[in-house]
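In what follows, a structure is listed as structure tokens, so that the remarks can point back to it.
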Amino acid sequence: MNIETKAGTLGNARHTYLIEIMYHDTHNVEVVTLTTEDLEWSMNQYQRNRKPFAWEKLDWKLESDTRQLVDLRDTE
């Protein structure tokens, strides 16, 4: 899922984040890609009208960077 938001003040660099979301009630996990100037604000907006969840930033880059975001956590 890709989400683009415009938040924060003008002049801030936009970053693209790989975010893991885990819903508290089911422990279901999803990974989303989010491009924003203000991650905290964007995640607060993303939370609206959804069941409670916890989120973790897995990777990030400048919006203009062409590299692919990767989850480098050890899953074993």
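Kindly indicate whether any position in region 36-55 is among the β-branched types (Val, Ile, Thr), at negative phi and surrounded by 10 or more Cβ atoms within 10 Å (Cβ to Cβ).
Yes, region 36-55 contains at least one residue that is among the β-branched types (Val, Ile, Thr), at negative phi and surrounded by 10 or more Cβ atoms within 10 Å (Cβ to Cβ).
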Exercise. Out of all the residues in region 50-67, is one or more modelled with pLDDT of 95 or more and touching a Gly at 6+ places or on another chain (Cβ under 9 Å)?
Worked result: no
Exercise. Which residues, taken from region 39-68, are within 16 Å of ALA13 (Cβ to Cβ), in contact (Cβ under 8 Å) with a residue 12 or more places away in the chain and touching a Lys or Arg at 6+ places or on another chain (Cβ under 9 Å)?
Worked result: LEU39, LYS61, LEU62, GLU63
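The values are calculated or read from the model by the stated rules, or taken from the named source; none is laboratory data. No experiment lies behind these values; they were computed from the predicted model shown. Positions of Cβ are generated from backbone atoms using ideal geometry, with glycine treated the same way; all protein chains shown enter the neighbour counts.
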